């Protein structure tokens with residue numbers, strides 16, 4: 001469910017607001033032990049840091065999926081980071097907060113590149129080498145943009161690199177379609 005943070009409340013896409021206490025009650029009801037904080041850029045929301053801390057204090061395994069343009073410096077060290085490095089075809093590569101790559105931890109953090117073409121793949125390879133991401137991160141993920149025509153070429157290039165990478169397809173787009181939201 002897509003959401004945004006607002007003061008000490010959690011606002012779902014439908015507009016209803018609930019408190020942090022309501023969120024924790026729902027998590028208890030679900031009986032889950034892992035929580036992923038994502039959606040837009042969660043680290044840009046002012047109350048996300050105390051929320052992450054509280055999740056960790058309560059013993060949840062916490063994953064933070066970030067767009068990579070906000071500093072991860074203040075994220076509770078008990079949480080794992082999934083850091084998206086923006087590639088040139090995204091039009092957002094200039095927004096990357098490069099110091100985030102230096103903070104990656106090899107025992108828990110992941111870095112992801114969403115690639116649209118061979119130029120993005122070359123950018124990803126260069127960044128992986130420059131920041132020694134294979135050693136610095138637990139996983140290096142390569143995710144092709146859904147529906148690109150050159151998918152076979154990209155898969156072949158990634159495979160030929162012999163780098164220990166994980167290649168991801170956006171499976172939700174295959175299941176529910178490229179335009180589905182909130183799945």
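Anything in the stretch 159-183 that is loosely packed, with under 10 Cβ neighbours inside 10 Å and either free of Cβ contacts under 8 Å to residues at least 12 places away in the same chain or touching a strand residue (DSSP E or B) at 6+ places or on another chain (Cβ under 9 Å) (or both)? List them, or say none.
160, 162, 164, 171, 175, 179
Go through (1) touching a strand residue (DSSP E or B) at 6+ places or on another chain (Cβ under 9 Å); (2) buried (at least 16 other Cβ atoms within 10 Å of the Cβ); (3) more than 25 Å from residue 168 (Cα to Cα) one by one and return the number of the condition residue 46 breaks.
(2)
Residue 88 - would you say it is modelled with pLDDT under 95 and touching a helix residue (DSSP H, G or I) at 6+ places or on another chain (Cβ under 6 Å)?
For residue 88, the condition - modelled with pLDDT under 95 and touching a helix residue (DSSP H, G or I) at 6+ places or on another chain (Cβ under 6 Å) - is not met.
Would you mind listing the helices (runs of 4 or more DSSP H) fully within the stretch 78-183 where at least 3 residues are more than 30 Å from residue 51 (Cα to Cα)?
Where helices (runs of 4 or more DSSP H) fall fully within the stretch 78-183 and carry at least 3 residues being more than 30 Å from residue 51 (Cα to Cα), they are 118-130, 151-161, 171-176.
Scan (1) within 16 Å of the chain's Cα centre (by Cα); (2) at pLDDT 85 or above; (3) not in a loop (DSSP other than H, G, I, E, B) for the single condition residue 53 breaks and write down its number.
Going through the list (1) within 16 Å of the chain's Cα centre (by Cα); (2) at pLDDT 85 or above; (3) not in a loop (DSSP other than H, G, I, E, B), residue 53 breaks only (1).
Can you tell me which residue among 140, 70 is over 19 Å from residue 37 (Cβ atoms), under 14 Å from the mean Cα position of the chain (by Cα), in contact (Cβ under 8 Å) with a residue 12 or more places away in the chain and crowded, with 17+ Cβ neighbours inside 10 Å?
On inspection, the qualifying residue turns out to be 140.
So which of 40, 59, 31 is surrounded by fewer than 19 Cβ atoms within 10 Å (Cβ to Cβ), free of Cβ contacts under 8 Å to residues at least 12 places away in the same chain and out of contact with any strand residue (DSSP E or B) (no Cβ under 6 Å at 6 or more places or on another chain)?
Residue meeting the stated conditions: 31.
Checking residue 110 against (1) out of contact with any strand residue (DSSP E or B) (no Cβ under 6 Å at 6 or more places or on another chain); (2) within 14 Å of residue 136 (Cα to Cα), only one condition comes out false. Which one?
Failed condition: (1).
Quick one: count up the residues across the stretch 1-40 that are within 19 Å of residue 72 (Cα to Cα) and at pLDDT 90 or above.
Looking only at that region, the number is 3.
Kindly indicate which of 129, 152, 116 is without any contact (Cβ under 8 Å) to a residue 40 or more places away in the chain and in contact with a helix residue (DSSP H, G or I) (Cβ under 6 Å, 6 or more places away or on another chain).
Of 129, 152, 116, the one residue that is without any contact (Cβ under 8 Å) to a residue 40 or more places away in the chain and in contact with a helix residue (DSSP H, G or I) (Cβ under 6 Å, 6 or more places away or on another chain) is 116.
The values are calculated or read from the model by the stated rules, or taken from the named source; none is laboratory data. The model shown is predicted, which means the values in this text are computed figures rather than measured ones. Quick reminder, even Gly has a Cβ in these numbers, built from the backbone with ideal geometry, and neighbours come from all protein chains shown.
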